[in-house]
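Below is one structure, written out as structure tokens; the observations come after it.
The values are calculated or read from the model by the stated rules, or taken from the named source; none is laboratory data. This structure is a prediction, so every number in the text was calculated from the model and none was measured. We place every Cβ from the backbone using ideal geometry, glycine too, and count neighbours over all the protein chains shown.
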Amino acid sequence: MAADKFRAVIFDIGRVLVRVDISRAMSGLANGINMTPEEIWASLEKGPRWPDWQEGRMTPRDWHLHVAKRLGGSLTFEQFTEVWNRALDPKPIQDDGFLGNLSKRYRLALLSNTDPIHVAHLEGSYDFMRYFPNRVYSCSVGASKPNLLIYREALRACKVNAEEAVYIDDVPAYAEAARRLGMMGIVFQSPEQLQSDLKNAGVEFG
């Protein structure tokens, strides 16, 4: 496909735009609980309610109550929210100028498996969000990657066909799901690698 046919660039958030350190949040939850941060994370992520939390079928207060019941602990909802958001590093991964230049040439979108607490923190804390008018979150759509429904929602939001979009994710299986729809899928490893791959694909950002 001719490179000038690309009209949209769609980004994952975690470990592509924002560094994620789950242990920081889990260490906060572990205070007063006889479990390691790793055990706490495994208990939550592999628990039966995790898909409900990621796909918007639980409110933040319901999630707080669920975690308190599952693990114990005595954090208030406000304390829990602060601890939960510690997983997100305040310093973005991508250069502001890079995203700004991309946004002048392409329709930019976010496509992320995430929850309402993190969404509120992301939208209130990171300046780069202004470059992304289209924001597709699993907790809003009711489906998580690699379900193709959420990718189709991102394409619909950008008003482009699959072959007109580039998708960037740090998880190879999620990039592959985008390719199955006809998008160009890039597996993110570093800002330098990403810019090189985009340039090779004919995506302009200079």
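Structure notes:
- Subset of segment 43-73 [part of a loop (DSSP other than H, G, I, E, B) and under 23 Å from K145 (Cβ atoms)]: K46, G47, P48, R49, E55, G56, R57, M58, T59
- From I10, I40, residue being crowded, with 18+ Cβ neighbours inside 10 Å and in a strand (DSSP E or B): I10
- Any hit, segment 92-103, residues being hydroxyl-bearing (S, T, Y) and assigned by TED's automatic domain parsing to the domain that holds Y167: yes
- Residue within segment 106-116 that is out of contact with any Lys or Arg (no Cβ under 7 Å at 6 or more places or on another chain), of a type in the set (S, T, Y), in contact (Cβ under 8 Å) with a residue 60 or more places away in the chain and in the same structural domain as L148 (by TED's automatic domain parsing) present: yes
- Index of the failed condition, S74 passing every other in (1) over 15 Å from T114 (Cα atoms); (2) out of contact with any Asp or Glu (no Cβ under 9 Å at 6 or more places or on another chain); (3) in the same structural domain as P146 (by TED's automatic domain parsing): (3)
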